[in-house]
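Have a look at the structure below before the remarks.
The numbers here are math on the coordinates, done by the rules we state, and not lab data. Computed from a predicted model, the values in this text were never measured in an experiment. So basically every Cβ, Gly included, is an ideal-geometry build from the backbone, and we count neighbours across all protein chains shown.
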Amino acid sequence: MGEISRDVVVIGAGVAGLTAANDLKKAGLSVAVLEARDRAGGRLWTDVIDGAMLEIGGQWVSPDQDALIDTIADLGLETFSRYREGDSVYIGPDGVLTRFTGDIFPVKAETEKVMVELIDKLDALVAQVDPDEPWTTPDAEELDTVSFEEWLHRQTDDQEAIDNIALFIAGAMLTKPPHAFSALQALLMAASAGSFTHLVDADFILDKRVVGGLQQVPLLLAERLGDDVFLGQPVRTLEWGDDGVTAIADGMTVRARHAIVALAPVLYNRISFVPALPRLQHQMHQHLSMGFVIKVHAVYDRPFWREQGLSGTAFSPYELSHEAYDNSNHGDERGTLVGFVSDRLADDVFRISAEERKERILESLSHYYGPEAKNPVVYYESDWGAEEWTRGAYAASFDLGGLHRYGADLRSPVGPIRFACSDMAGAGYQHVDGAIRMGHLAASQIVDEARA
Ligand code: FDA
């Protein structure tokens with residue numbers, strides 16, 4: 001394809017990169033988007049597997065996610081609500097299943113009291129956190145140098161309350177064990193969604209889906225860019241200096257005045273920066289790592305759990321699949337369950353054969369929904385850990401102490417290079433909403449600079 005010149009080269013056709021490229025184009029700048037994969041969308045990916053439409057990556061939209069909601073409206077997409085009629089289920093440490101409604105798990109009265117106190121305390125702390133600058137939180141260093149698990153142990157010795165509160169951030173969001181990230185990182189996660197209470201409320205955080213799948217957002221954004229999106233073009237080298245950048249991909253080279261690197265930060269080291277990035281960036285990027293979760297899809301001839309008065313919403317920190325939901329598609333008579341297996345448990349099941357893994361995961365789902373759950377007509381595991389251009393799920397977070405040490409530098413430009421990704425967002429952190437916000441931000445900074 002040879003060499004082309006543009007005002008801006010965007011590396012990565014995920015939502016962040018495509019949002020930025022559209023903004024730049026609207027502002028009259030020329031762009032080229034180089035994408036390593038043979039599809040646009042990155043961590044958003046809708047596919048038909050054995051006849052079932054599955055959202056392999058991100059899918060849910062919550063009411064606080066204004067940037068995503070605006071984009072969905074702008075693209076003319078329709079949303080629908082997650083099915084939530086009926087009882088949720090909870091399995092406690094003794095393996096006993098209890099039905100419940102509302103947000104608070106049906107635990108014994110003392111544990112419930114501790115859980116409510118912890119949620120209140122976390123909400124009060126979260127209210128002090130600016131998600132765009134969590135390092136300015138009072139006692140940021142202290143909160144960032146204690147693990148979330150240890151912080152919880154300092155508040156209570158009620159293990160079931162600890163396990164449940166940890167679940168909302170660890171298994172369900174950062175997809176790392178609660179000893180592996182700080183209390184400040186946990187507060188950022190909650191602040192990015194408005195409050196800790198929002199994370200506890202599945203009907204808030206997992207509210208809506210897009211009819212036909214959320215990948216339509218990047219696909220339609222890419223469509224608007226037409227021939228300016230180049231698929232199958234992993235950027236291997238990014239030369240930069242006062243005069244601009246040269247991005248060298250497998251089949252083409254783009255010269256531009258600016259670059260936006262719109263990848264998960266764990267992948268920056270796949271690009272040879274010439275000259276090398278400053279040492280602060282080298283260090284900082286090594287303190288960020290992806291979480292790890294398997295998203296499990298099980299499709300049945302009908303949503304049989306609804307016949308039992310179940311909503312499909314299920315939680316247990318003691319189960320292999322720590323949470324599961326009714327994920328039936330809009331207008332589809334079949335029923336789909338989606339379950340999640342996180343961090344160490346995901347490691348464990350990837351050490352056994354695919355058949356045994358499927359059996360163990362379906363066994364876990366059957367604990368919530370009964371034996372019928374063991375016989376789906378379609379079964380699929382989203383395995384983002386095996387994807388070369390993502391390497392984990394859902395997103396990246398700092399290790400202990402990394403957030404207050406490096407957080408303020410995460411979005412800093414390096415010469416003509418800017419960075420944009422959901423993994424560096426404040427509001428919408430680790431979500432599509434955050435990716436869109438970061439795309440808008442990087443583009444607006446370049447437009448401002450171009451006009452100055
Ligand atoms: P993203 O990773 O999507 O895009 C980066 C792009 O860069 C990719 O297309 C990649 O191929 C490309 N690339 C990498 N290296 C390159 C190179 N060297 N050269 C060229 N291209 C390169 N969010 C949400 O809001 N609701 C939800 O329900 C969920 N659920 C969920 C489930 C699962 C299983 C996953 C994996 C993720 C979610 N998420 C989510 C998170 C959400 O999907 C995610 O935050 C955003 O899609 C990230 O968008 P970005 O554009 O920031 O990165």
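Against the conditions (1) within 30 Å of H282 (Cα to Cα); (2) touching a strand residue (DSSP E or B) at 6+ places or on another chain (Cβ under 8 Å); (3) not in a helix (DSSP H, G or I), Y380 satisfies every one except (1). Residue count for the stretch 120-161 under the criterion of being part of a loop (DSSP other than H, G, I, E, B) and touching a Phe, Trp or Tyr at 6+ places or on another chain (Cβ under 7 Å): the result is 1. In the set (1) crowded, with 23+ Cβ neighbours inside 10 Å; (2) without any contact (Cβ under 8 Å) to a residue 60 or more places away in the chain, the condition left unmet by D47 is number (1). In the stretch 274-301, what count of residues is obtained for those that are free of Cβ contacts under 8 Å to residues at least 60 places away in the same chain and either near the ligand (Cβ under 10 Å from one of its atoms) or of a type in the set (A, V, I, L, M, F, W, C) (or both)? Qualifying residue count for the region: 2. Among the residues of the stretch 250-273, those identified as outside any helix (DSSP H, G or I), touching a Gly at 6+ places or on another chain (Cβ under 9 Å) and among the hydrophobic types (A, V, I, L, M, F, W, C) are M252, A256, A259, I260, V261, A262, L263, A264. Take the conditions (1) under 16 Å from T313 (Cβ atoms); (2) among the small types (G, A, S); (3) part of a loop (DSSP other than H, G, I, E, B); A172 misses just one of them, which is (3). Take the stretch 395-452 and flag every residue that is near the ligand (Cβ under 9 Å from one of its atoms), farther than 20 Å from G194 by Cα and in contact with a strand residue (DSSP E or B) (Cβ under 7 Å, 6 or more places away or on another chain). Matches in the stretch 395-452: A420 only.
For the stretch 320-350, the tally of residues that are of a type in the set (D, E, K, R) and surrounded by 22 or more Cβ atoms within 10 Å (Cβ to Cβ) stands at 2. Considering only residues in the stretch 223-243 that are in contact with a Gly (Cβ under 9 Å, 6 or more places away or on another chain) and closer than 15 Å to D7 by Cα, the one that is farthest from the ligand (Cβ to nearest atom) turns out to be D242.
Filter the stretch 381-421 down to the residues that are touching a Gly at 6+ places or on another chain (Cβ under 8 Å) and hydrophobic (A, V, I, L, M, F, W, C) and list them by number. Please lay out each step first, then the result.
Residues of the stretch 381-421 touching a Gly at 6+ places or on another chain (Cβ under 8 Å): 382, 384-385, 389-398, 415-416, 420-421.
Passing the criteria: W384, W389, A393, A395, A396, F398, A420, C421.
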